[in-house]
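To start, the structure itself, in structure tokens.
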Amino acid sequence: MDRSQKADLVAELKNVFAETGVVVVTRNHGLTVEQSSDLRAKMRDAGAQFKVAKNRLALIALEDSKYQPISEFLTGPTALATSSDPVAAAKVAVEFAKGNEKFEIIGGAMGETVLDVNGIKALAELPSLDELRGTLVGLIQAPATKIARIAKEPGGMLARVLSAKAAA
């Protein structure tokens with residue numbers, strides 16, 4: 001990798017750190033190409049990214065960013081999972097780690113808050129942004145549905161009474 005490619009990678013990582021909601025630092029001890037491709041596909045489906053970057057370049061990109069405290073995690077063979085949804089990358093990483101002993105979560109950060117492994121696991125248990133939006137829409141629609149049901153119920157009761165009277 002020549003100097004210009006390194007500069008491009010650092011600029012790309014700086015951009016990712018500026019726009020992301022969460023960074024999960026992982027370590028893989030010999031994942032196969034198939035496993036790595038599967039993980040990347042799962043991350044992509046969840047709206048997250050999974051990137052293996054040289055630690056030295058990642059450290060340069062972390063300078064002056066809100067994620068600078070995670071630099072302590074960048075030792076050895078690491079990779080970064082990022083997403084704008086604060087839960088997506090953590091969910092996929094934790095789920096993948098359950099089924100693969102060669103994949104280890106080291107820690108991460110959500111904004112300026114540094115998270116250890118247990119913090120990442122707790123974050124993964126939270127509902128995603130889409131799930132929260134669905135819940136909110138359901139809560140907003142529920143009163144209107146109840147009002148419509150209450151409004152039509154007296155008419156339905158009257159029709160049942162008249163129908164029973166006509167049958168008798």
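Probe radius 1.4 Å, ligands and nucleic acids ignored: give me the carbon and sulfur share of the accessible area of the range 1-129 as a rounded percent. Write out the running numbers ahead of the final one.
Values: 3420 of 6920 Å².
Reported share for carbon and sulfur atoms: 49 percent.
Given a 1.4 Å probe, how much area per residue of the range 48-168 is accessible, in Å²?
Dividing the accessible area of the range 48-168 by its residue count gives 63 Å².
If r is the Cβ-Cβ distance from THR75 to ARG133 and R0 is 30 Å, what FRET efficiency results, to the nearest 0.05?
So, using R0 = 30 Å, E works out to roughly 0.20.
Could you do me a favour and compute the accessible area per residue for the range 1-41, 1.4 Å probe, result in Å²?
58
For the range 99-151, how big is the tail of P(r) above 19 Å, as a whole percent of Cα pairs?
Here the tail beyond 19 Å accounts for 55 percent of pairs.
For LYS42 and ASP116 in one chain, what is 0.36 nm times their gap in residues minus the Cα-Cα distance, to one decimal in nm?
On the way: separation 74, 0.36 × 74 = 26.64 nm, distance 2.24 nm.
Length gained between LYS42 and ASP116: 24.4 nm.
Which semi-axis lengths, in whole Å and largest first, follow from the square roots of five times the eigenvalues of the Cα gyration tensor of the chain?
Rounded to whole Å, the semi-axes are 51, 17, 14.
Work out how much length GLU125 to ASN100 would gain on full extension: take 0.36 nm times their residue separation and subtract the Cα-Cα distance, in nm to one decimal.
7.1 nm
Taking Cα centroids, how far is the range 1-25 from the range 58-125 in Å?
Cα centroid of the range 1-25 versus Cα centroid of the range 58-125: 15 Å apart.
Please label the shape of the range 49-127 as rounded, prolate or oblate, based on the square roots a ≥ b ≥ c of the eigenvalues of the alpha-carbon gyration tensor (a/c under 1.5 means rounded; beyond that, a/b larger than b/c means prolate, else oblate). Working shown, then result.
Values: a/c = 1.88, a/b = 1.31, b/c = 1.43.
Taking the square roots of the gyration eigenvalues as a ≥ b ≥ c, the range 49-127 is oblate.
Tell me the label-point distance for the pair GLN5, THR32, using the 7 Å Cα-to-Cβ offset, in nm and rounded to one decimal.
It is 2.8 nm.
The values are calculated or read from the model by the stated rules, or taken from the named source; none is laboratory data. All values reported here derive from a predicted model rather than from experimental measurement. When we count neighbours, we look across all protein chains shown, and the Cβ atoms used for this are built from the backbone with ideal geometry, even at glycine. Quick note on the areas: whole protein, heavy atoms, side chains included, nothing else; ligands and nucleic acids left out. Shrake-Rupley method; radii C 1.70, N 1.55, O 1.52, S 1.80 Å.
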